């Protein structure tokens, strides 16, 4: 077990850092030796202007900021922080300590490598810190400050309490840009050097966060009254349904090998098409006697198969090959196709809920994971397939940045037919599952077999509101002081049927696939509609009452009071 964990950790760290090193060096070579003279950044003009406008107060301030990122200071602060995490924490915070120390060390190694290979001269101005042994690209001070103080900001969000953790995080995240400005001011780097330093430190943080702090979503037991289906049944006859856009030939071969290793015969292999995400092929497979449908694709493929299997005796096995893979993540399946199928087949059959969706201008549909209106739907529609193929799920972050300034929507919300209430929101998401990519839980109480749907309304006010939302997603603390009804940045509700009506047509999405813009979206749960093979679940804690926001009471008009 230790060897397996260590090998997985090495793969999640070494591979991305090798790619990061290659990109860092390539960027530096392109800056220093632009091919065919395609561009001239004229960075020397910036260096000269800053050197000509120095003042005593600014020089003193820049000295303090640079000192905070010199190697002795970085080593000392990192050591003290790691010691505090291991000694002061109860229990010891080993993951957090490895995350912080690993990020600082990783950016340092990549900085030394890139500096040696690129060999860029420092600006031709009076340099206030004299001659340093390394080259100008990338800025080691800025990279170290980003990894150290940016990492401490992340830990402040994860481990802190109350509103002050947001203030502390913002202050820590402000330090790296200030250090970058000080290095420019002191004539030690060109502008592109400090940008590369910021990117180097931030990428090291992302790699270590993904490798060390991200944990798979917990797999919980079905709600009472939803027993697991017995497995004393005839041998499986499997049909493999493949989305050729996202599932490679290697992945399909791996799937067939896993099926063969489990003694499961493959009676047919079918492909999805541009006009049909796989529902017709899935229906034909069930009609021909298949007892197991293996869906190799993204969330759209899984949804199409689930719609075809609802109410039948056939089982579904999910093989994640797409960008989001939300159902697979929430079932605790590995991200690689072969291991995911093996974990599913070694697990147990689970009866999961579906949601039936409808609205103006859209055909009735089935939802397996999540549906939404507003910002999330705009991001889904605006993120191109090529970008998703290149970057994976982080491509959605780029799409989100484009739509953060979109105008809010006024929604009328009705839960289980009760009296409606209104909110002015940036987005509304209805979920049958709770976790997003990277282990972030948007709907902390949602489970795919609890017989209810969960709703989150996001209405952050200004940067502080968005920071609170981000902190809740990163820390998994979707409850408490940040969830204060209409005055807080977000609200949570639970119900068996949820109706949303907007004051104007807005983007909508079902399981990550955009549908025509419209004003209404209605979802009703269909309990225990499909059987999915999944890893054995763990017991779940008792959940809140249906129709309420956890920790609140139901008001006279059906909204959380």
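FYI, it's all coordinate maths here, none of it is from the lab. Worth saying up front: this structure is predicted, and the values here are computed from it rather than measured. Positions of Cβ are generated from backbone atoms using ideal geometry, with glycine treated the same way; all protein chains shown enter the neighbour counts.
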> Shape of region 272-384 from its Cα gyration tensor (a ≥ b ≥ c, root eigenvalues): rounded if a/c is under 1.5, otherwise prolate when a/b > b/c, or oblate?
Replying inline: oblate
>> Once you place label points 7 Å from the Cα toward the Cβ at residue 164 and residue 270, how far apart are they in nm?
In response: 6.1
>> Using 0.36 nm times the number of residues separating residue 418 and residue 470, minus their current alpha carbon distance, what extension gain do you get?
In response: 15.6 nm
>> If I take every Cα pair under 8 Å that is 6 or more residues apart in region 110-179, average their sequence separation and divide by the length, what percent do I get for the relative contact order?
In response: 30
>> If R₀ is 51 angstrom, what is the calculated FRET efficiency for the pair residue 45 and residue 253, using the beta carbon separation as r and rounding to 0.05?
In response: 0.35
>> When a/c reaches 1.5 or more, the comparison of a/b and b/c decides; with that in mind, is region 2-213 rounded, prolate or oblate per its Cα gyration tensor?
In response: oblate
>> So for each of 94-102, 202-210, 164-172 I average, over its residues, the number of other beta carbons within 10 Å; can you give me the resulting order with the highest mean first?
In response: 202-210, 94-102, 164-172
> Ranked by Cβ crowding within 10 angstrom, fewest neighbours first, how are 43, 422 ordered?
Replying inline: 422, 43
> Contour minus end-to-end for residue 92 and residue 60, with contour as 0.36 nm per residue of separation and end-to-end as the Cα-Cα distance?
Replying inline: 7.6 nm
> Where does each of 363-372, 289-298 land if you order them by average Cβ count within 10 Å, highest first?
Replying inline: 289-298, 363-372
> For 47, 193, 315, what ranking results if the residue with the fewest other Cβ atoms within 10 Å of its Cβ goes first?
Replying inline: 47, 315, 193
> With a 10 Å Cβ neighbour count serving as the proxy for reagent exposure, in which order, fewest first, do 129, 360, 121 appear?
Replying inline: 121, 360, 129
